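The values are calculated or read from the model by the stated rules, or taken from the named source; none is laboratory data. What you see is a predicted model; the values in this text were computed from it and never measured. Every residue, glycine as well, gets a Cβ built from its backbone with ideal geometry; the counts of neighbours run over all protein chains shown. The accessibility values were calculated without ligands, DNA or RNA, using every heavy atom of the protein model including side chains. Shrake-Rupley method; radii C 1.70, N 1.55, O 1.52, S 1.80 Å.
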Amino acid sequence: MTGKTVLIVDDEASIREMIAVALEMADYDYLEAADAKEAHSLIVDKHPDLVLLDWMLPGTSGVELARRLKKEEATAEIPIIMLTAKVEEDNKIQGLEVGADDYITKPFSPRELVARLKAVLRRATPPGVESPVEVEGLTLDPVGHRVTTESGALNIGPTEYRLLQFFMTHQERVYTRSQLLDQVWGGNVYVEERTVDVHIRRLRKALGAQYDHLIQTVRGTGYRFSTRAA
């Protein structure tokens, strides 16, 4: 498997099934939603790597959902490909203006869909998701799921690993505890904000004296990952 998950949002079950088969053949995981409300819940809870979003949905339209996703910080970076039977130029422009990354007009071939999807994912994949990221000799390898230093591998728990991966790919920016909960634990996981403090302490302990200074406490706000002095 590619390790990537795609959310298919379309109210027609036959189209969802056709796309699901194409994704399976290309080794992608997938989720399905028939309307915008169900789609939004899955996006917040499961954090798919890409959303295939039909323009015409019952209730809230695909364009409105795309606009909402791009406005919310926790979902703004998720790439969106709009699926539509509309061929008018102004509708294509509208879809791209609300933040869609690409646009495919029905009917489309499964091969075209997968090719366009791969291209969008390549553009959207930040460092540290597939390629290693290194800071001052501290290296996080997402493929091998290892964190190493010049002295060897670090013993680091799964939650601390996800925290470190997020920090190392989002350096020099302050995040509140609630933002870290959304990004690392997921928006629908109900844990107290003090849980973040516990895992920050564990992460610093795992990093040891050489690297624990990289995780900085910003009093009254939250935490940041920085190579600069606090």
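Numerical summary
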{"read-out": "Solvent-accessible area of Ile156 with every protein chain in place, 1.4 Å probe, in Å² to the nearest 10", "value": "40 Å²"}
{"read-out": "Computed [θ] at 222 nm, deg cm²/dmol, the chain (DSSP H ≥ 4; -39,500 (n - 2.57); rounded to nearest 500)", "value": "-11500 deg cm²/dmol"}
{"read-out": "Projected area, mean over directions - the chain, Cα convex hull, nm²", "value": "13.6 nm²"}
{"read-out": "Model label zone, Val174; criterion: amide N under 16 Å from point 7 Å along Cα-to-beta-carbon; scope region 192-230", "value": "215-230"}
{"read-out": "Region 177-228: chymotrypsin sites (Phe, Trp or Tyr not before Pro) in DSSP coil with no more than 13 other Cβ atoms inside 10 Å", "value": "Tyr190"}
{"read-out": "Linear extension gain, Ser14 paired with Thr221, 0.36 nm per residue minus alpha-carbon span", "value": "69.7 nm"}
{"read-out": "Loop GluC sites (Glu not before Pro), region 1-75, which have at most 11 other Cβ atoms in a 10 Å radius of their Cβ (DSSP)", "value": "Glu73"}
{"read-out": "Range of Cα positions in region 27-66 per principal axis (Å), largest first", "value": "30, 19, 15"}
{"read-out": "Phi to ³J(HN,Hα) by Karplus 6.51 cos²θ - 1.76 cosθ + 1.60 over region 218-225, Hz, x for Gly, Pro", "value": "9, 4, x, 10, x, 9, 9, 9"}
{"read-out": "Test item: Cα-centred dipole of the chain, Lys/Arg +1 and Asp/Glu -1 on Cβ, debye", "value": "860 debye"}
